[in-house]
Every structure is written in C-alpha cells, then in structure tokens.
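Reviewing the structure listed below.
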Amino acid sequence: MAFKPDSDESVYLRESVQTAAKILVVGHFAVGKTTFIGTMSEIPPLRTEEVMTRAGEGIDDLKGTTGKTTTTVAMDFGRLTLSEELVLYLFGTPGQQRFVQVWEDISRGALGALVLVDPERLDESFPVMDLVEHYGIPYTIAVNRFGDRPDHADEEIREALDLLPETPLVSCDARDQRSSANALITLVRYLQSRLN
Amino acid sequence: MTTPDEPEQEQPATPLVPAYVITNGRSLLDDDTLSLITLVTTAQDAPAVQHLDPEKRRLLELCSGGHLSVAEIAGHTQFPVGVVKILLSDLTQGGYLVTRAPIPAAKLVDRNILEQVLHGLQARFG
Ligand SMILES: Nc1nc2c(ncn2[C@@H]2O[C@H](COP(=O)(O)OP(=O)(O)OP(=O)(O)O)[C@@H](O)[C@H]2O)c(=O)[nH]1
Ligand SMILES: [Mg+2]
C-alpha cells in the first residue's frame, strides 16, 4: 500500500499517451538543474538513485575494472505531457565526470540537452561540456544569471566555452516558467534545424 | 578543475532492502529492453499474484493505476533504478505488465516528435 501514491490520477499518464521522449537538463554543481525541472514539471519532481560503480575520474577509466567501489547517484526528473499522444521527461544530471555510468543510461535516447551555465563559474562547466560532446548529444546553452552581477557578454561566454557558431545560447532564469520554457523551445528549434 | 562534492552522493547506498535480496542475486547490469522512459502498466489478463515477492506485488499495485515511466516507478518506490528495471522486466516476462516502448533509436530525430514537442511547449508556455 505504501507504494501507491496518495492521490489522484494526475500521478498517472493519460491513457492516450503512446510515446515518451526525453531531454536532459545538465550542468555543474548548484547551477539550477533541480530548480529548472521543478519549474517546468507537471508532477512534483521525483528523484531516483542509480547504484553505480565508481571508476576513477575520467571517461577513459570506465573500461577498466580495477579498484571499483559502488556509490549512488541521485538524478531528479520531471514530466510534461505535451499532447494527447506524447509525454516529455526532463532529467537532471550531475556533470561530474565520475558519474559517467549514469550518463550512459540517461543519455541513451535523449533528444538533446540543455546545458545550464553560470557565467561566473564557466570553468566548472568544462566537465559537463566534455560529457555532452563525448556522447554526441546536441545541446543548447542556457545561461543562468545569478544575482545582479555585471553581465557577461554572450561573445565572452561563447569563447570561454568554445562553442560552435550554430550552438544556441540563451539566457534563462530557472525559477521562471516562461524563461525556462523559452530555453527548451530554443533547444527544440535547434534540434529541428539540424534535420534540414 | 574539480567541483565541490555533494555530500549525499558520497553516502553509501541504503536501499530499503538490499538489492541482491530482492533481485534474487541477479546482477544490476543494464537491461536494454527497459529504459528510464519505457511506459509500463499492468496487463489486462495478468496471472495471480499470491506467490510473488512483496516487492513485486507493490510494484504491480503502483502500476495498476495507469501508465508510468520506469523512472517514475523508481521515484515513487525509492528503489534504485537498476533494481526496478530487473523487477519490472521479470514482471513483464511473467505476463503481469505490458510496456510501451520509448522512441526507437532510429527515430530519435523524428521530425514529428520534435514538432509535437515544440507545439506542446508553445501551446502551454508561449
Ligand atoms: N538567482 C538565481 N538563483 C537560482 C536560479 N536557479 C537556481 N537558483 C538557486 O541556486 C541554488 C541551486 O539551485 P539548484 O536547482 O538546487 O541547483 P542544482 O543544479 O540542482 O544543484 P545540484 O543538484 O546540487 O548540483 C538554489 O538555491 C536555487 O534557488 C536562477 O535562475 N537565478
Ligand atoms: Mg539538483
């Protein structure tokens, strides 16, 4: 009994939903991933744990099998029913490289990723940028501007992150639904443009 | 270039029941047939449940209310994703559950899906 969610049908998907899609919301520590998912989700965001083997620091270490210990990594996610037929899940994923196993699982089948970055801590975004590139996930940068520090010019950010000219970069306040939705829309438009 | 560790991620795993007990010692390797966004619900003509482990019965109870993704089932039950996948996969093979597959890899860049996502976002938040 304890496992049945307390109330209502809104826990469950509409009967008509046939297809599930997934977009990743990624970024370094405390950049706003959980906030973003909470802002956008139609259900209270959920959290799951992945029991995983910890295999050193780098992607290359993954293939090795020595000296492993297990650890758990939390990922949080939310849900958006976008049509009678389609549901979109947003998965928040930590950007530290030692969580690569979680990345393999979570990135499989993802349409794309929104990479949240704090312009004051751009260097902390390098590991997560490496991961999206490594897994070949198309992405859009969402600049989460904390507080009222001086604006960093987009060009500065592009240069620091070594972005391709076609990679979109948008500003986004993860606490604001319109702003967050706009970042997702920018990502989806970019994904569409890649098909042409 | 290291980032501060989140304390919770350094703690040892503390599932409600040790994983090796509820999965009967099966490994936690990825089951490719179930992804995080595979949609699951109970089968119409499911066999009797009396002989099933309590964990499996609880999963079935949760799934009986409608469709949920594998990730949501893990989130609601607090079982680790790997454990949930194994249990759900057993239950599916046993005829208790039916799944709706996520988008097949080949159709990932399906125009229709992107279009539906875009229109859905614009309709709701535009
Ligand atoms: N000013 C401002 N603060 C924000 C914004 N987004 C998040 N925050 C705050 O930043 C803090 C961290 O946000 P989280 O959403 O927990 O970040 P996270 O990426 O999930 O963090 P971890 O999961 O610990 O890596 C919280 O106190 C948020 O309230 C934003 O857009 N603007
Ligand atoms: Mg978080």
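Rule-based calculations on the coordinates, nothing more; no lab input. Keep in mind it's a predicted model, so treat the numbers as computed, not measured. Here Cβ is always computed from backbone atoms with ideal geometry, including for glycine, and neighbour counts include all displayed protein chains.
Let's test the formula: R0 of 30 Å, r as the Cβ-Cβ distance of A:Asp123 and A:Asn196. What FRET efficiency results, to the nearest 0.05? Working shown, then result.
On the way: r = 34 Å, r/R0 = 1.14.
For A:Asp123 and A:Asn196, the calculated efficiency is 0.30.
Once each part is reduced to its C-alpha centroid, what is the distance from region A:16-42 to region B:49-99 in angstrom?
A separation of 23 Å, based on Cα centres.
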